[in-house]
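The values are calculated or read from the model by the stated rules, or taken from the named source; none is laboratory data. Keep in mind that what you see is a predicted model, and the values were worked out from it rather than measured. Neighbour counts are summed over all protein chains in view; Cβ atoms, including those assigned to glycine, are modelled from backbone coordinates with ideal geometry.
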Amino acid sequence: MRHAVRHLEKNASACDSVRLAGNPKATDTHDRRVQSQTVGKVNWSRVVGCGLLAGVVWIILGSVVTALLGRQFAALPNNRLGSPTPGFVLLNIALDLLEGISILWLYAAIRPVYRPGAKTAVIAAFAWWFIVTLGDATWCSFGFFPPRTVIPLMIGTLPALVIATLAGAKFYKE
């Protein structure tokens, strides 16, 4: 038993040392204090407002990227990008705004870990882009569209998404 206690003392963190000293109440208070400092509260009204801003920037930049790099993709059979209906346009605007909100939610969620700022916004943008790109790659593997039509869009949307996320994150506060 003494060997086990010595081993724990030797390899223990500061919290474990307090616990070993026989003061579990202090450890619980310390754990709660550390947890409250580490896990911030999400400001949902800011997530929505700043997310809508990011969504608008994403709509503008995403449209430019699609116009420049998505001609082959738009020319695919049964693709509505070539001749969009008003309903198609409205649906995609709504989806892009929701994407802006979701990326700001991701930024707000990781902000306590990576600290507020541009670096965290870039991490959130890259994570979101990576997940979406995996989905696009999956659709390509099913044969719904050839990779040569999607890869330019995958590459071009990353900087657009980073800029949109930076725009929304600039105004986010907890």
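Restricting to segment 36-78, what's the tally of residues that are in contact (Cβ under 8 Å) with a residue 12 or more places away in the chain, over 21 Å from the mean Cα position of the chain (by Cα) and surrounded by 14 or more Cβ atoms within 10 Å (Cβ to Cβ)?
Matching residues across segment 36-78 total 6.
Report whether or not Leu90 is modelled with pLDDT of 95 or more and more than 17 Å from the chain's Cα centre (by Cα).
yes
Run Arg148 past the list (1) without any contact (Cβ under 8 Å) to a residue 60 or more places away in the chain; (2) farther than 22 Å from Val56 by Cα and report the number of the one that doesn't hold.
Every condition holds for Arg148 apart from (1).
Within the set of pairs 6 or more residues apart or between chains, which connect a residue that is under 18 Å from Leu53 (Cα atoms) inside segment 104-119 to a residue that is of a type in the set (Lys, Arg) and outside any helix (DSSP H, G or I) with Cβ atoms less than 9 Å apart?
If the second residue must be of a type in the set (Lys, Arg) and outside any helix (DSSP H, G or I), the pairs left are Pro116/Lys173.
Taking the criterion of being surrounded by fewer than 12 Cβ atoms within 10 Å (Cβ to Cβ), in the same structural domain as Leu53 (by TED's automatic domain parsing) and either within 30 Å of Lys173 (Cβ to Cβ) or in contact with a helix residue (DSSP H, G or I) (Cβ under 7 Å, 6 or more places away or on another chain) (or both), would at least one residue in segment 83-93 satisfy it?
No: segment 83-93 contains no residue that is surrounded by fewer than 12 Cβ atoms within 10 Å (Cβ to Cβ), in the same structural domain as Leu53 (by TED's automatic domain parsing) and either within 30 Å of Lys173 (Cβ to Cβ) or in contact with a helix residue (DSSP H, G or I) (Cβ under 7 Å, 6 or more places away or on another chain) (or both).
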